[in-house]
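Have a look at the structure below, then the notes.
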Amino acid sequence: MIQSMTGFGRSEGKLDSFGIATVEIRSINHKFLEAVIHLPEGFLSLEDKIKKEIESRVQRGRVTCVINIVQQVSRDVMIDEDLVKKYVGVLKGLSRKYGLKDELTINSVISLPGVLALSENKIPTQRMWPQLKLLLTQALDDLVSMRAKEGKALALFLKARNATLKKELDEIKERFKKVVKEKANKFATDMERTAFLKESDITEEIERLDYHIKNFQSKWAVNAPLGKELDFIAQEMQREANTMGAKSCDTDISGKVVFIKSQIEKTREQLQNIV
């Protein structure tokens, strides 16, 4: 089954009483599988686990996973009273020593470095992993589903292009038989006729291109990643079509070869987007 390399998945849910987590995963074309993970502070220890989950579901593409967590746990305000005493003592001493008249206020004291701080919440990442993993799985389900849906559309396009190639090639085969007979009879000697056939005979190219077209079609039954293999077959098609175009001795055949090459090029463009 063909899969596109582009897709998107999203999920959202609660992590115990800690907060709300949002998981977004998108993928684009890439020669290999590359997973890029963006995690909130305190959750970096889960990066390897998240990558393994992605790698178990996606074979190819550049996958970006962004996880955001909005904490709902309240944090306490901490006051360092020992530090406040030191600040006040030093400031009063300066006031007496230099005759400073400004009075200390609560605003001036709490703005001093280190006086106020928020308590730290220890993040139980390992305890929350099963819940986060479930959200990740849901987002991956969406991603894989979208990639499969786009893959079906691409498969229809590629099959149509391949059927067109087969039709055009069959017409070239019939046209070539007719052209050879017509042109060969115009030569006065066997030597001239032999030289003409040697330079313009595209029988082998027709047969090889026909084989590649059939081979391309047969791969649809394989339940495995096909992108690279199909692209290799399309390259071979292109090679045979180029040789046919160079050796063609007939304008009708040349025109059909140009059309075939355009169809192969369109095929290869789309093959860059499948797994």
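What is the log10 of I(q)/I(0) for the range 148-271, computed with the Debye formula using one identical point scatterer on each Cα and no solvent, at q = 0.12, 0.15 Å⁻¹?
Relative scattering, expressed as log10 I(q)/I(0), comes to -0.49, -0.69.
Using 0.36 nm times the number of residues separating LYS166 and GLU207, minus their current alpha carbon distance, what extension gain do you get?
13.6 nm
Among PRO113, PRO40, PRO130, whose mean-square fluctuation peaks in a Gaussian network model of the chain (Cα, cutoff 10 Å)?
Ranking PRO113, PRO40, PRO130 by mean-square fluctuation puts PRO113 first.
Quick query: amide H of LEU33 versus all other amide H atoms, modeled in the peptide plane; which residues come in under 5 Å with a sequence gap of 5 or more or a different chain?
GLY61
Helix 47-57 sits at what angle to the longest principal axis of the chain, using alpha carbons and giving 0 to 90 degrees rounded to 10?
The angle comes out at about 30 degrees.
For helix 227-247, report the angle its Cα long axis makes with the longest principal axis of the Cα atoms of the chain; keep it between 0 and 90° and round to the nearest 10°.
The answer is roughly 40 degrees.
Under 26 Å between alpha carbons, and skipping anything fewer than 8 positions from LYS266 in its own chain: which lysines qualify?
Hits, sequence-local ones excluded: LYS31, LYS149, LYS152, LYS159, LYS166, LYS167, LYS173, LYS214, LYS219, LYS228, LYS247, LYS256.
For the chain, what is the convex hull volume of its Cα atoms per residue in Å³?
Output value, Cα hull per residue: 199 Å³.
Give me the dipole magnitude in Debye, nearest 20, for the chain about the Cα centre, with unit charges on the beta carbon: positive for Lys and Arg, negative for Asp and Glu.
Dipole about the Cα centre, nearest 20: 100 debye.
Select from GLU55, GLU168, GLU81 the residue whose mean-square fluctuation is largest in a Gaussian network model of the chain (Cα-Cα springs shorter than 10 Å).
GLU81
At a Cα cut-off below 27 Å, give the lysines reachable from LYS97, other chains included and same-chain residues fewer than 8 away excluded.
Straight-distance partners of LYS97: LYS85, LYS86.
Out of ALA195, ALA160, ALA234, any idea which swings most in a Gaussian network model of the chain, alpha carbons joined below 10 Å?
Highest fluctuation of the listed residues: ALA195.
Among TYR98, TYR87, TYR211, which comes first, then next, by fewest other beta-carbon atoms within 10 Å?
Neighbour counts put them in this order, fewest first: TYR98, TYR211, TYR87.
By how many nm would the segment from LYS85 to LEU44 lengthen if fully extended, with 0.36 nm per residue of separation less the alpha-carbon distance?
Between LYS85 and LEU44, full extension yields 10.9 nm more.
Let's test the formula: R0 of 35 Å, r as the Cβ-Cβ distance of GLN126 and PHE32. What FRET efficiency results, to the nearest 0.05?
The value I calculate is 0.70.
Largest first and to the nearest Å, give the Cα extent of the range 1-159 along each principal axis.
Cα extents, longest axis first: 92, 29, 21 Å.
Taking H as built 1.01 Å from N, whose amide H comes closer than 5 Å to the amide H of GLY7, not counting residues under 5 places away?
So GLY7 has HN proximity to SER27.
Show me, for the range 19-24, the HN-Hα J-couplings you get by feeding each phi into the Karplus relation (A = 6.51, B = -1.76, C = 1.60, θ = phi - 60°), rounded to Hz, glycine and proline as x.
x, 9, 10, 10, 10, 10
Coordinate-derived values only; no laboratory data. Since the structure is predicted, the reported quantities are computational estimates derived from the model, not experimental observations. We place every Cβ from the backbone using ideal geometry, glycine too, and count neighbours over all the protein chains shown.
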